[in-house]
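The values are calculated or read from the model by the stated rules, or taken from the named source; none is laboratory data. Source: prediction; values computed, not measured. Don't worry about glycine lacking a Cβ; one is built from the backbone with ideal geometry, like all the others, and counts go over all protein chains shown. For the accessible areas, the whole protein counts, side chains as well, though only heavy atoms, and no ligand, DNA or RNA atoms are used. Shrake-Rupley method; radii C 1.70, N 1.55, O 1.52, S 1.80 Å.
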Amino acid sequence: MKFGKWVVKCRIPILVLAVALLVPSLIGMIMTRINYDMLTYLPGDIDTVVGQDILMDEFGKGAFSFVIIEGMDPKDVSSLREDISHVDHVDTVLWYDDFADVSVPMEILPSKLYDAFNSGDSTMLAIFFDTSTSSDDTMKAITAIRSIAGKQCFVSGMSAMVTDLKDLCEKEEPIYVGIAVALACVAMMIFMDNWITPFVFLMSIGMAILLNMGTNYFLGEISYLTKALSAVLQLAVTMDYSIFLWHSYEEQKSMYEDNKEAMAVAINNTLTSVVGSSITTVAGFIALCFMSYTLGLDLGIVMAKGVILGVIGCVTTLPSMILVLDKLLQKTSHKSLLPDMGKVASGITKVFPVFLILFLGLVLPSYLSYKATNNEVYYDLGETLPEDMAYVVANSKLQEDFGVGATHMVLVSTDVSDTDVRAMIHEMENVEGIKYALGLESVVGPLVPEEMLPESVKEVLKSDDWELLLVNSEYKTATDEVNAQINELNTILKKYDSKGMLIGEAPCTKDLIETTDEDFKVVNTVSIVAIFVIIALVEKSITLPLILVAVIELSIFINLGLAHLTGTSLPFIAPICISTIQLGATVDYAILMTTRYKQERYEGRDKREAVTNALKVSIPSIIVSAMGLFSATFGVALYSDVDIISSLCDLMARGAIVSMFAVILFLPAMFMLFDKMICVTSIGFRNKNAEPSNTLKERTA
């Protein structure tokens, strides 16, 4: 109450401070770097990541791209190569004539060298950059190369994808927020009892979102996925808290003549209920931080921080706004469109065995579909980008004209003899799906001394400690075929050089598959255990956490299982994120109904009446909350051309609806079935007017 009274008293200074914080928040948001490369979040101690570091330290090379040129005269290609080599941060541009320009007859050079760089009327340049794949400098260099090269040239590679993805996200992100705000406003206006209140909510939440985005500056950088989703998620999740405050304020106004006193009580009541509710949501996001693939840490910290800032804004900024605008808000109230839910609640509790049977009937098929969905995820995010995107067009050209699906790089210690390296290359070229392997030994052959190669070529392929081989594969990244191929190449490599490393997009993606597969199990377990413990403490019960988590977990199985049943392949990160986000965000629906059910039983009502009343009172709040989450995410899912964002928003929108129905239909049935057990194993369910008893059973209850 002291805090509530303080907020009411300091409402004007609070609003002034909130507005003042918008300026540094905006600056912080603008200055926060956005990372568009999903592979940079792999653990730093695996070979593919260590190898990338060696490539940068020993060779001064990070990013790698192919430029495919169609219908250009060789002299013009040579001139273009010269222009590209002068672009900032382009370290080396290789073409077949780099190797051919030696004082030996062309016939001595391997024919595969020419074929590697030429196909029909197309030729290909291999470009090394002195900066990392997703650095800002590399992306600027890609843009400059495209500008120089013109329309008959196509730039492929991870850096090209990252550049195009950045451009697409920067174009779409303001629209994401606009769609989420507009649809959330419409939903709140329809399902609430005031026309203006939703806009007040959005102003308060908007300030919290901007503060959250601004404080990301202290994290150094965030992923594009975090940036795209955090505002939408924070809006959807923290809208509930605003609704709690408003309903509490309206209720207290009927009991207190002074609206300031009513607001102080409402803040006190809201803080008590929202803290318990928000902890489960925060726990869901914190569970993501346990991933070894650190994208989870990135998303988890930003979203947990967003929920906490949302709660703070809900009990400080929002009540201040409501009090300042109180007269206007009273004039714009209207009757809620949601009817009285008494008959619906009574009907559900009357036929509760039907919903118990339905619950049991859905468990196995939903779980099997859910498991199937987890096995059908995709890892090559470039595959789902728009077909007319420059990167996608370039990759298609690379595949069609040169038969190259992925390029691996092999780092071999210079301690390995030339003879062994040639033998290793020969074995690698016999691996199914390998087109060729290029290194110093494969270029010069046993009859041509290495000294006859230009120094520029030797610098590209050899350092003091390491030799670099380029291995081109017909198979695309993230396919079963390329993963099996990588295993075979690694076996060959380790036979000749135990310190050797296979790096590149496809090996990194294979590590990503193995890393996130283990992460999924860890995150799922952590989120369930954490939320189980929180519910047990909040509700003071042993059995209620089991019941509540079971209901929400079934809704997660149904939500993700529908992807399998509809033939939809999801991005690899979707099942991990949705399992925790849906559990953390929608278990609030179940906690809301459980708290009311507990109160009804405590006040002496029998099982059926208590469950019916709890359901009747909770349904409107659950519907409003679920529709808020649905509205904020569904529009983004329809609009976005970035499939990973579209898929996650689609799952969140559907998950809100599935959880809403699961809580309304299955949870009351569980209460009806397990009422006696719940009362015995929980504190606070015993009738407050009951006679004291010395029996062990009643003391436990």
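Couple of notes before you dig in:
- Members of the range 258-289 that are modelled with pLDDT of 90 or more and either touching a His at 6+ places or on another chain (Cβ under 6 Å) or not in a helix (DSSP H, G or I) (or both): Cys289
- Within the range 398-429, tally of residues that are open to solvent by 40 Å² or more (accessible area, probe 1.4 Å), closer than 20 Å to Pro507 by Cβ and within 33 Å of the chain's Cα centre (by Cα): 1
- Looking across Glu451, Glu432, Glu488, one residue alone is modelled with pLDDT under 85, open to solvent by 60 Å² or more (accessible area, probe 1.4 Å) and either touching a Phe, Trp or Tyr at 6+ places or on another chain (Cβ under 6 Å) or of a type in the set (D, E, K, R) (or both). It is Glu451.
- Matching residues, the range 257-290, being closer than 17 Å to Met321 by Cβ, crowded, with 22+ Cβ neighbours inside 10 Å and not aliphatic (A, V, I, L, M): Thr270
- Any hit, the range 660-669, residues being buried (at least 24 other Cβ atoms within 10 Å of the Cβ), more than 25 Å from the chain's Cα centre (by Cα) and small (Gly, Ala, Ser): no
- Picking from residues in the range 133-150 that are at pLDDT below 90 and over 30 Å from the mean Cα position of the chain (by Cα), the one that is surrounded by the most Cβ atoms within 10 Å (Cβ to Cβ) is Ala149.
- Condition met for Pro545 (assigned to a helix (DSSP H, G or I), of a type outside the set (Phe, Trp, Tyr), over 18 Å from Cys289 (Cβ atoms) and in contact with a Phe, Trp or Tyr (Cβ under 8 Å, 6 or more places away or on another chain)): yes
- Among residues of the range 463-484 being in contact (Cβ under 8 Å) with a residue 24 or more places away in the chain and assigned to a helix (DSSP H, G or I), the one that is most open to solvent (accessible area, probe 1.4 Å) is Glu481.
- Residues of the range 238-256 classified as farther than 24 Å from Met652 by Cα, under 33 Å from the mean Cα position of the chain (by Cα) and open to solvent by 40 Å² or more (accessible area, probe 1.4 Å), total: 1
- Qualifying residue in the range 620-637 (condition: farther than 24 Å from Asp193 by Cα and assigned to a helix (DSSP H, G or I)): yes
- Residue in the range 603-612 that is surrounded by fewer than 22 Cβ atoms within 10 Å (Cβ to Cβ) and among the hydrophobic types (A, V, I, L, M, F, W, C) present: no
- As a summary of the residue check, Val636 satisfies the conditions (1) within 16 Å of Ser659 (Cα to Cα); (2) open to solvent by less than 10 Å² (accessible area, probe 1.4 Å) except for the one numbered (1).
- Those residues of the range 151-186 which are surrounded by 18 or more Cβ atoms within 10 Å (Cβ to Cβ), of a type outside the set (A, V, I, L, M, F, W, C) and not in a helix (DSSP H, G or I), in sequence order: Ser156, Gly157
- Residue count, the range 58-98 (criterion: closer than 23 Å to Glu400 by Cα, in a strand (DSSP E or B) and open to solvent by 40 Å² or more (accessible area, probe 1.4 Å)): 1
- Residue under evaluation Asn375, criteria (1) within 30 Å of Glu518 (Cβ to Cβ); (2) among the polar types (S, T, N, Q); (3) in contact (Cβ under 8 Å) with a residue 24 or more places away in the chain, criterion not met: (3)
- Verdict on Ser579 being at pLDDT below 85 and either open to solvent by 30 Å² or more (accessible area, probe 1.4 Å) or within 17 Å of the chain's Cα centre (by Cα) (or both): yes
- Residue pairs meeting the criteria (Cβ under 6 Å; at least 6 apart or on separate chains; first touching a residue at least 60 places away in the same chain (Cβ under 8 Å), in the range 589-604; second buried (at least 24 other Cβ atoms within 10 Å of the Cβ) and not in a helix (DSSP H, G or I)): none
- Of the criteria (1) within 20 Å of Arg33 (Cβ to Cβ); (2) touching a residue at least 40 places away in the same chain (Cβ under 8 Å); (3) assigned to a helix (DSSP H, G or I); (4) among the β-branched types (Val, Ile, Thr), which one Thr131 fails: (3)
- Members of the range 225-237 that are over 13 Å from the mean Cα position of the chain (by Cα) and modelled with pLDDT under 80: Ala236, Val237
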